[in-house]
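All remarks here apply to the structure that follows.
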2 protein chains.
Amino acid sequence: MFASAELGHGLDKTQYKLAADELRQSLLNIQYQLKERGDFPVIILLGGVPTAGRGQVANLLLEWMDPRHIATHTFSSPNDEERARPPFWRYWRILPPKGKMAILFGGWYSGPMWEQLTARPGSVAYEHELAKIIHFEKMLADEGALILKFWLHLSKEQLKKRLKKFAADPLLAWRFDESDTWFLDHYDEVMRSQHDLLQRSNLADAPWRVIESTDERYRDITIGKHIVEAISHHLERQSVRQNRIDAAPLMPSIDGLRLLDKLVLDAHVSKTSYNQQLAQLQERLNALTRLPEFKKHSVVCVFEGMDAAGKGGAIRRITAALDARQYRTIPIAAPSEEERAQPYLWRFWRHLPPLGQITLFDRSWYGRVLVERVEGFASRADWMRAYGEINDFEAQISSANVIVVKFWLAISSEEQLRRFKEREAIEYKRFKITEEDWRNRDQWDAYIEAGSDLIERTGSAIAPWHLIGANNKYHARLEVLRHLCERIEAALAIPVKKRKA
Amino acid sequence: MFASAELGHGLDKTQYKLAADELRQSLLNIQYQLKERGDFPVIILLGGVPTAGRGQVANLLLEWMDPRHIATHTFSSPNDEERARPPFWRYWRILPPKGKMAILFGGWYSGPMWEQLTARPGSVAYEHELAKIIHFEKMLADEGALILKFWLHLSKEQLKKRLKKFAADPLLAWRFDESDTWFLDHYDEVMRSQHDLLQRSNLADAPWRVIESTDERYRDITIGKHIVEAISHHLERQSVRQNRIDAAPLMPSIDGLRLLDKLVLDAHVSKTSYNQQLAQLQERLNALTRLPEFKKHSVVCVFEGMDAAGKGGAIRRITAALDARQYRTIPIAAPSEEERAQPYLWRFWRHLPPLGQITLFDRSWYGRVLVERVEGFASRADWMRAYGEINDFEAQISSANVIVVKFWLAISSEEQLRRFKEREAIEYKRFKITEEDWRNRDQWDAYIEAGSDLIERTGSAIAPWHLIGANNKYHARLEVLRHLCERIEAALAIPVKKRKA
């Protein structure tokens, strides 16, 4: 990957002057078009050999374009907030919205770049990290983002020369630190693993561009031109995106029998028994969340199911057992403007709890394969790939000690009708029922179909679905609490005999 | 993945009769359309619980359609021919050509399915195998193939019942063997890992379809309908494939400087020295290929470079040192009709040497990113993804003990012109020069560009490019032989001091 960037590329001053004047104008124009159209973000990722000038390139881009629409981010050791969450959380939070740009120093390549020096290519840690990166970039590209990855290259000789020069010049000495000397000492070894990393993450939708950086003029003009060209191409590409070919359909079962049709929805629990068990379970949950071990985990609860299935009521029975500083309830409705400008998983990543905390999602990322599928808000290709993306997402956060507890509350169509009517009749419940609920009810069958598919395709050992018959609210709430307690106990490795009844 | 296939799906006889009559007609129609259009192959992969009826389904499909255009393949232990080659060779060789179908029992899922029982999900072996499968299916799908993956499911109870019944009935006893009993004994464990495998290989372009197989009528009609629906959708999809959006371009270097421009092309070697060194190197190579350790490896040599760069001459200097039974030379020109009906890598897979043998490719799979790119035979999206596919291919065969030795023979434009003229002037060399060579020469620059890109993006530690200045034929031939010997010595772990000069 690096041979072409050790050829002695260069521009003379006249060539540079000519090119720079034209380039500045093009960069501004293209940035303006990007903002006007506002249909995709641009992520500029700068990696490279130390002292190759990542900072200079970023400064120049900010100078040549309108800096109000470009964010820059460096990634040194994660801060407290970041350390308390899954590793990729720090990248999700800074993704630029559609129409804007972000310049990332190293980005998600800063982790494995250094890790792999101990965990070499081929090791489980390295392969795992690489797979995560590739899934992430693939998802971003599928969501329309333009990812521009630059590796600013210097040969070993050049790096040595620069470090010598910097060390000798007090005005430049601030530009390097000890890790740069370390890099030089391990140059061959580091570059061997970088080569593997770059080549294997060299995706058709997010290729690496290796830039010789010995001559600053050549480096700056090359990067600028790449940016202009890539954005113009992407603008064209996005405008024909509508016409793309869709994925194959999922054929419904030929005998009309679906997973969610077969659940037992009814159960009987007396009020006395309910009150008694509820108190016990809430006490059990509360005790669990106050254990010291709990601080090494966090909990994400997902509630899905038909309208009026009792999601809100179940959630309140959980939160009643918790300290108010320890949890957040996130109701998911139509995305905000800010959320629409991001990949669909972004709004869920931002709400991931830190360690020791609980987030309760009243509806969730499953909207992608539920309402967005049924209403046609997402194309079939988009929701078909979402099953895999969601599985990746849940696997990723689970491996960072997030306990993912997913509930599907199931009621019958008749029970829903009864509850709708009740809501309309009772003054203080009337806010809970809208025209939209009635419209969704007309789509009952399509939702059962989509629900059955998603349960089938996203249940897993680490993040199983708990399917709960919810015609009886008492039963449903107790079941929810029981499963939640059991999942936390399992994650905390509390021996079964020590668990409360 | 399996819950929906334990619901008790079924059809009664009347429903079946009605559906079957219609289905048979549709299957024949769609098979006919597939053949007429001839623009993609259909791969039907049958996995599942033992006794679920994979054989019955295959028989029925052969009965309902025209069996002349459907091949069936089982994969038990690899035979001698297969064991001597990389593991996936057995799948490549049986890929159906465009317009035809193949039914595969287990296919590439038969290996990891069993391996993972010892190598569990999460282990390096398992993850590695899974990645290989996913790359393979992704490549097939990108090449236009339709992949239909069916899992024929039976619950543990059902399996137990069947095995009992088969054991009791002499007419059915042949249908099961000991491994089926083993499966039943380990049902829960096996299904846990199958779940992981199916979910993670559930690609948007090649999703799994899990079919409840207790009721044969339901099973057969469901699979038949899936096939009809998927093929009709794919026929539609392929016809709009031309209009799809292309990948972003690779911008040429702004100062016009390219890797291949900078090679030192000239060298001087006297005829006496050449003859002497040639004899030594040929002897060294011959000795290497006769070592017992050599039988555990095979060698693939790739020769690329401009027309008249001396590829044929260099190849003949290698083969002169070898036993004629030990090598094959494969000249690569435009693909044959048979080859055009397959993914572009197919024609190279078929020529992979068994262990102990050598294949010399005079031009190679790099045509995809060279002539096909320059002449526009492949779309940009197709050749852009080819870098990754080629890297995967070479990594895969290298890990199966294939030594991949790649040569780029570089001559100057002036030297090419001189050789072209010489060929035209000398009677017995005239067959070597055609109109096409002159046309290619007009594209010199585009080839240098494409060549520089491919060397940059496909060189790796396991399969490096050897760039050889070839204006002097003597020098080029000696270098080729030297590199070849050194690579074999390194692979055979022959200590440097024991190597010949």
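The values are calculated or read from the model by the stated rules, or taken from the named source; none is laboratory data. Just so you know, these numbers come straight off a predicted model, no measurement behind them. Cβ sites come from the backbone with ideal geometry, for glycine too, and all protein chains shown count toward neighbours. For accessibility, only protein heavy atoms count, side chains too; no ligands or nucleic acids. Shrake-Rupley method; radii C 1.70, N 1.55, O 1.52, S 1.80 Å.
Compared with the dominant principal axis of the Cα atoms in chain A, helix A:13-37 is inclined by about 20°. Compute the whole-percent fraction of alpha carbon pairs in the stretch B:33-119 spaced more than 20 Å apart. The proportion of pairs with Cα distances above 20 Å equals 42 percent. Each copy carries a label point for A:Ile330 at 7 Å from Cα along the beta-carbon vector; from one copy to the others these points are 5.1 nm apart, nearest first. Residues in the stretch B:410-422 carry Karplus couplings, in order, of 10, 10, 7, 4, 5, 5, 4, 4, 4, 5, 4, 5, 4 Hz; the curve used is 6.51 cos²θ - 1.76 cosθ + 1.60 with θ = phi - 60°, and Gly or Pro positions show x.
For the stretch B:462-478, 3J(HN,Hα) computed residue by residue from phi via the Karplus equation (6.51, -1.76, 1.60; θ = phi - 60°) reads 7, 9, x, 8, 9, 8, 10, x, 10, 4, 9, 5, 4, 4, 4, 5, 5 Hz, glycine and proline entered as x.
P(r) tail, the stretch A:399-501: Cα-Cα pairs separated by more than 23 Å, 44% of all pairs.
Compute, for the protein assembly as shown, the length of the dipole vector about the Cα centre, with Cβ point charges of +1 (Lys, Arg) and -1 (Asp, Glu) only. Units Debye, rounded to 20.
Numbers: 144 positive and 136 negative charges, 339 e Å.
Value, rounded to 20: 1620 debye.
If you keep only loop residues by DSSP, which trypsin sites (Lys or Arg not before Pro) in the stretch A:194-286 have at most 14 other Cβ atoms within 10 Å of their Cβ? Can you show the working numbers first?
Details: sites: A:Arg200, A:Arg209, A:Arg217, A:Arg219, A:Lys225, A:Arg237, A:Arg241, A:Arg244, A:Arg258, A:Lys262, A:Lys271, A:Arg284; in loops: A:Arg244, A:Arg258.
When the trypsin sites (Lys or Arg not before Pro) of the stretch A:194-286 are filtered for loop state and at most 14 Cβ neighbours within 10 Å, A:Arg244 remain.
In plain terms, if you count all Cα to Cα distances in the stretch B:355-453 and split them into 5 Å steps from zero, the share in each step is 2, 10, 17, 19, 17, 14, 11, 7, 2, 0 percent.
If each of A:Ala287 and A:Ser179 carries a label point 7 Å out from its Cα toward its Cβ, how far apart are those two points in nm? Here the answer is 4.6 nm between the modelled labels. Each residue of the stretch B:268-283 was assigned a 3J(HN,Hα) from its phi angle through the Karplus curve 6.51 cos²θ - 1.76 cosθ + 1.60 (θ = phi - 60°); the sequence is 10, 9, 6, 4, 5, 4, 4, 4, 5, 5, 4, 4, 4, 5, 5, 5 Hz, with glycine and proline shown as x. All C-alpha to C-alpha distances of chain A, sorted into 20 Å bins beginning at zero, yield P(r) values of 20, 46, 26, 8, 0 percent in whole numbers. The lysines whose alpha-carbon is closer than 16 Å to the alpha-carbon of B:Lys138, local same-chain residues fewer than 8 away aside, are A:Lys138, B:Lys149. Across peptide A:208-221, the mean count of Cβ atoms from other chains lying within 10 Å of each residue's own Cβ comes to 1.
The angle separating the long axis of helix B:380-398 from the principal Cα axis of greatest extent in chain B is about 90 degrees.
So, R0 is 22 Å and r is the distance between the beta-carbons of B:Arg441 and B:Lys262; what FRET efficiency does that work out to, to 0.05? My answer for the efficiency is 0.60.
Between beta-carbons, use under 11 Å as the cut-off and find the net charge around B:Leu104, counting Lys and Arg +1, Asp and Glu -1. Working shown, then result.
Values: positive: B:Arg54, B:Arg90, B:Lys149; negative: none.
Taking every Cβ under 11 Å from that of B:Leu104, the sum is +3.
Interface B/A, total buried accessible area with a 1.4 Å probe, nearest 100 Å²?
Values: alone 24190 and 24200 Å², together 43920 Å².
Chains B and A together bury approximately 4500 Å².
Electrostatic bookkeeping for A:Trp151 treats Lys and Arg as +1 and Asp and Glu as -1; over the other residues with beta carbon under 12 Å from its beta carbon, the sum is +2. Close amide H pairs (under 5 Å, H built 1.01 Å from N) link B:Ala267 with B:Asn472, residues at least 5 positions away or on another chain. Please identify which residues in the stretch A:60-85 have an amide N closer than 20 Å to a label point set 7 Å out from the Cα of A:Lys35, following the Cα→Cβ vector. Hits in the stretch A:60-85 for A:Lys35 at 20 Å: A:60-73. Averaged over peptide B:378-391, the number of partner chain Cβ atoms lying within 10 Å of each residue's Cβ comes to 2.
Against chain B, whose longest principal axis comes from its Cα atoms, helix B:124-142 is set at around 80 degrees.
Using only helices, what value at 222 nm comes out for the protein assembly as shown when you add -39,500 (n - 2.57) per DSSP H run of length 4 or more and divide by the total residues, to the nearest 500 deg cm²/dmol?
It comes out at -15500 deg cm²/dmol, rounded to the nearest 500.
Distances between copies at B:Glu283, taken between label points 7 Å from Cα along the C-beta direction, are 9.3 nm in increasing order.
Once you reduce the stretch B:465-501 and the stretch A:22-46 to the center of their Cα atoms, the two points are 49 Å from each other. The residue among B:Leu370, B:Asn391, B:Ala410 whose Cα reaches farthest toward the positive pole of the charge dipole of the stretch B:363-411, with charges on the beta-carbon of Lys, Arg, Asp and Glu, is B:Ala410.
Note on the stretch A:167-299: percent of Cα-Cα distances in each 5 Å bin, starting at 0 and stopping at the bin with the largest distance, equals 2, 6, 6, 7, 8, 8, 7, 7, 8, 9, 8, 8, 7, 5, 3, 1, 0. Amide H contacts of A:Lys406 (H built 1.01 Å from N, in plane; Pro and chain starts excluded): A:Val302, A:His466 sit under 5 Å, all sequence-distant by 5 or more or on other chains.
With its label point put 7 Å out from Cα toward Cβ, A:Ala461 sits 3.1 nm from the same residue's point in the other copies, in order from shortest. Contact order, relative form, for chain B: 19 percent (alpha carbon pairs under 8 Å, 6 or more residues apart, mean separation divided by residue count). Each Lys or Arg adds one and each Asp or Glu takes one away; over the other residues whose Cβ falls under 12 Å from the Cβ of A:Leu352, this sums to +3.
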